[in-house]
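*Asks:* Before I ask anything, here is the structure I am working with.
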Amino acid sequence: MYVVIAGCGRVGSALAQQLISEGHQVAVIDEDPEAFTQLGEDFPGEFVTGAAIDWDILEEAGVDHADAFVAATDGDNTNIVATQIAKEHFGVQCAVARVYDPARAELFAEAGIRTVCPTKDAREMLAEAVHSCQITRG
Amino acid sequence: MSDHEGVKAVFVVIVGGGKVGLNVARSLVSMGHEVILVERRKYRYDLLVEELEEKLLLGDGTEIWVLEKAGIARADLVVAVTGDDEDNLIIAQVAKRKYGVKKVIARVNNPRNQATFDMLGVEPTICATTNILALVRRELPEHKLVHLLTLKRENLEIVELEVSEHSPVAGKAIEEITLPEGALLTAILRGGKAHMARMKAVIEPGDYVLCLVEPGTEKDLIHVMLPEEAPEKVQAEGEPEYLGGE
């Protein structure tokens, strides 16, 4: 698969490396030209410097022929809008946005945007961890 | 709702307390309308709160709970004028989709993002850069057709053309001119005054004419109105993507 990832932070860069190790092709977009250092030496994929909602930047990263698009910049709103562009303008069927705010994640999921909400996931996992603790202090 | 100088008061939620948001808020308040201005930056909030008091709300206007606290559910109008286009896009979509706000006005900071606002159906939009460029182009003598206003939803534009002595329509009455399909000559500007385009009115060199056109008609209109010998000065095609129509 050819995957474009917007945002080269902790999550974006690790995801890029994972997909590369699985044999996929990857392009990464970040506003900060220094962010590519997160990808480690000898990263075989593309790195494009620019805004994730800029159509020209997205095209330079190859979104027009990508099989999947992931938006994981540090801005929820940037991620939602970038995913809307990838899906609606560039026709990427598999486009997903990382959205920290559960309210916006839910609202835009209802509007047809695939969202992953780490806040909600963490809350559920932490609650489950608490529930699974059987021992109470006596 | 109350009446103020015969104008029905509306409730407006403005997001973004920069110069634009503040001055829009001030003007609406002075017109007697009900206003809430949402500002995220604490230092800016502190600066404005003495003047605006309960009309100012500290918070991130792209957060749904902040918008609810501002009273978006009963807003007649939402104005999204932050300095971030992605924020304005989200505010506008949340307002329309979740709260059914009838009218949302959004600011485009970077003209490169105009296409995204259009794609997502966020309109009307205001872009200072685009507006200023359009005005600058109006002052440049080689620009013979200028887009004055674009009504996207209505699929209509108002354009202005300068008539020179070499123009094929110079000296002709309006009823003698065959305009292209989708174009209507509405007014003649002469000596700084506008004249309604009556059938018998004669167009003179130096006049500016205002036309209502459907987008895409500009090239044919230029062909009818402007002299052939200067095709390189024609601006209907190949113009910067963020100016005028698409």
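*Asks:* Go through B:Val66, B:Val29, B:Val78, B:Val49 for me and flag whichever is buried (at least 23 other Cβ atoms within 10 Å of the Cβ) and not in a loop (DSSP other than H, G, I, E, B).
*Replies:* That would be B:Val78, the only listed residue that is buried (at least 23 other Cβ atoms within 10 Å of the Cβ) and not in a loop (DSSP other than H, G, I, E, B).
*Asks:* Based on what the data block shows, is B:Val24 modelled with pLDDT of 95 or more, under 27 Å from B:Phe117 (Cβ atoms), assigned to a strand (DSSP E or B) and more than 14 Å from every other protein chain (Cβ to nearest Cβ)?
*Replies:* No, not satisfied.
*Asks:* While we're here: Residue under question is B:Leu148, and the condition is that it be more than 13 Å from chain A (Cβ to nearest Cβ) and modelled with pLDDT under 95; does it hold?
*Replies:* Yes.
*Asks:* Now a separate question. Can you tell me how many residues in the range A:88-101 are within 7 Å of another protein chain (Cβ to nearest Cβ), assigned to a loop (DSSP other than H, G, I, E, B) and under 25 Å from B:Leu67 (Cβ atoms)?
*Replies:* 1
*Asks:* List the pairs whose first member sits in the range B:72-84 and is not assigned by TED's automatic domain parsing to the domain that holds B:Gly21, whose second member is buried (at least 18 other Cβ atoms within 10 Å of the Cβ) and small (Gly, Ala, Ser), and whose Cβ atoms are under 8 Å apart, counting only residues at least 6 apart or on separate chains?
*Replies:* none
*Asks:* Out of (1) surrounded by fewer than 24 Cβ atoms within 10 Å (Cβ to Cβ); (2) under 14 Å from the mean Cα position of the chain (by Cα); (3) part of a helix (DSSP H, G or I), the odd one out for A:Glu59 is which?
*Replies:* Going through (1) surrounded by fewer than 24 Cβ atoms within 10 Å (Cβ to Cβ); (2) under 14 Å from the mean Cα position of the chain (by Cα); (3) part of a helix (DSSP H, G or I) one by one, A:Glu59 breaks only (2).
*Asks:* Please enumerate the residues belonging to the range B:181-197 that are surrounded by 13 or more Cβ atoms within 10 Å (Cβ to Cβ) and part of a loop (DSSP other than H, G, I, E, B).
*Replies:* Within the range B:181-197, B:Gly182, B:Ala197 qualify.
*Asks:* Return yes when B:Ala92 is part of a strand (DSSP E or B), under 23 Å from A:Glu88 (Cα atoms), of a type in the set (A, V, I, L, M, F, W, C) and within 14 Å of chain A (Cβ to nearest Cβ) and no when it is not.
*Replies:* no
*Asks:* Report yes if some residue within the range B:5-17 is within 14 Å of chain A (Cβ to nearest Cβ), at pLDDT 95 or above and part of a helix (DSSP H, G or I); otherwise report no.
*Replies:* no
*Asks:* Have a look at B:Val159, B:Val209, B:Val169 and point out the one that is part of a loop (DSSP other than H, G, I, E, B) and either surrounded by 14 or more Cβ atoms within 10 Å (Cβ to Cβ) or at pLDDT 90 or above (or both).
*Replies:* Only one candidate passes the filter, namely B:Val169.
Quick grid of which residues meet (1) touching a Phe, Trp or Tyr at 6+ places or on another chain (Cβ under 6 Å); (2) within 13 Å of another protein chain (Cβ to nearest Cβ); (3) over 16 Å from A:Gly7 (Cβ atoms):
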residue	(1), (2), (3)
A:Leu39	no, no, no
A:Ile53	no, yes, no
A:Leu58	no, yes, no
A:Ala72	no, no, no
A:Asp76	yes, yes, no
A:Ala82	no, yes, no
A:Ala103	no, yes, yes
A:Gly112	no, yes, yes
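*Asks:* Can B:Arg107 be described as crowded, with 18+ Cβ neighbours inside 10 Å, basic (Lys, Arg) and more than 10 Å from chain A (Cβ to nearest Cβ)?
*Replies:* yes
*Asks:* If I filter the range B:49-58 for residues that are closer than 19 Å to A:Arg104 by Cβ, touching a helix residue (DSSP H, G or I) at 6+ places or on another chain (Cβ under 9 Å) and within 14 Å of chain A (Cβ to nearest Cβ), do I get at least one hit?
*Replies:* For the range B:49-58, residues closer than 19 Å to A:Arg104 by Cβ, touching a helix residue (DSSP H, G or I) at 6+ places or on another chain (Cβ under 9 Å) and within 14 Å of chain A (Cβ to nearest Cβ): absent.
*Asks:* A:Leu107: of a type outside the set (S, T, N, Q), free of Cβ contacts under 8 Å to residues at least 40 places away in the same chain, out of contact with any strand residue (DSSP E or B) (no Cβ under 6 Å at 6 or more places or on another chain) and more than 27 Å from B:Asn109 (Cα to Cα), yes or no?
*Replies:* Criteria not met by A:Leu107.
The values are calculated or read from the model by the stated rules, or taken from the named source; none is laboratory data. In this text the structure is predicted, and so the values were computed from the model without any measurement. We place every Cβ from the backbone using ideal geometry, glycine too, and count neighbours over all the protein chains shown.
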